[in-house]
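Shown next, in structure tokens, is the structure this report addresses.
The values are calculated or read from the model by the stated rules, or taken from the named source; none is laboratory data. Quick caveat, the model's predicted, so the values are computed rather than measured. Cβ placement follows ideal geometry from the backbone for every residue including glycine, while neighbour counts extend to all protein chains displayed. What goes into the accessible areas is simple: the full protein's heavy atoms, side chains included, and nothing from ligands, DNA or RNA. Shrake-Rupley method; radii C 1.70, N 1.55, O 1.52, S 1.80 Å.
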Amino acid sequence: MKNYIQILFKSITVICFTVMLFSCSNSTEEVRNFLEEKNLPIGKAKDAFHVYKDSGRITSKLITPLLLDFSNRQNHPYNEFPKGVKIINFENKGKDSVTIIGDYALSYAKTEVSEIKGNVVVLNHTEQSRLETEQLFWDQKTGYFVSEKPFTMFKEKDTITGVGFECKEDLSKYIAKTTIGKIDTKEE
């Protein structure tokens, strides 16, 4: 009889514990909504090194000390790079063609527009040109950079300083809004 009571007590304890365990579950959507309401990221990666491929060929690399994933946002999902980012785009049979470096970045998934801020440097390794500015917007769909901040662009023979510009992501075909400096031009 004493053994029967112990078995009954243990069985009731196990059943109660099991019911408690399964009653405390949350759906994935509830967790996402909680994180969104508290403005918390759904994921965090330290020392991230991400390689993008297209048809088995490496097209770009993203390197960052800290990546915060806010893809749980309904209207504007984004990734935040609060400790800086370095993006290397590969073209020309695997050679570096363009490198983008900044102290802080936001990348919006739906619009494919990124904002890079703080000591922004864009290097075109093929043409040996460099762009320096404090803020840059990058439309990844069109491959275009835009900024309204002061900038300095170093070309092979020119140094262009000004405020506000637009250019292709390889630093070719640029439009400088206000410029200061020497620019060599050819008449055709």
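Taking the alpha carbon gyration tensor of the range 89-140, multiplying each eigenvalue by 5 and rooting it gives semi-axes of 21, 15, 7 Å, largest first.
Other residues whose C-beta falls under 13 angstrom from the C-beta of THR64 contribute a net charge of +1, scoring Lys and Arg +1 and Asp and Glu -1. In plain terms, the chain from ALA109 to GLU166 could stretch by 18.3 nm, reckoned as 0.36 nm per residue minus the Cα-Cα distance. Residues whose amide H comes within less than 5 Å of that of ARG73, counting only those at least five positions distant or on another chain, are TYR78 (H built at 1.01 Å from N in the peptide plane).
Ordered by 1.4 Å accessible area with all protein chains kept, TYR108, TYR78 run largest first as TYR108, TYR78. Once neighbouring chains are kept in place and the probe is 1.4 Å, which whole percent of the accessible area of the range 49-188 is contributed by carbon and sulfur? Carbon with sulfur: 50 percent of the solvent-accessible area. Taking other residues whose beta carbon is less than 9 angstrom from the beta carbon of GLU134, and scoring Lys, Arg as +1 and Asp, Glu as -1, yields +1. A simple spin-label model places the labels of THR179 and ILE58 3.6 nm from each other, with each point 7 Å out along Cα-to-Cβ. Remark: the range 42-52, residue by residue, has Karplus-estimated 3J(HN,Hα) of 7, x, 9, 10, 9, 6, 6, 9, 10, 10, 9 Hz, where x stands for each Gly or Pro and the curve is 6.51 cos²θ - 1.76 cosθ + 1.60 at θ = phi - 60°.
Sorted largest first by accessible area at a 1.4 angstrom probe radius, with every protein chain in place, the residues PHE154, PHE145, PHE137 fall in the order PHE137, PHE154, PHE145.
Based on every Cα atom in the range 48-188, Rg and the maximum pairwise Cα distance Dmax equal 15.7, 53 Å.
At full extension, THR152 and ALA48 could sit 34.5 nm farther apart than now, given 0.36 nm per residue minus the alpha carbon distance.
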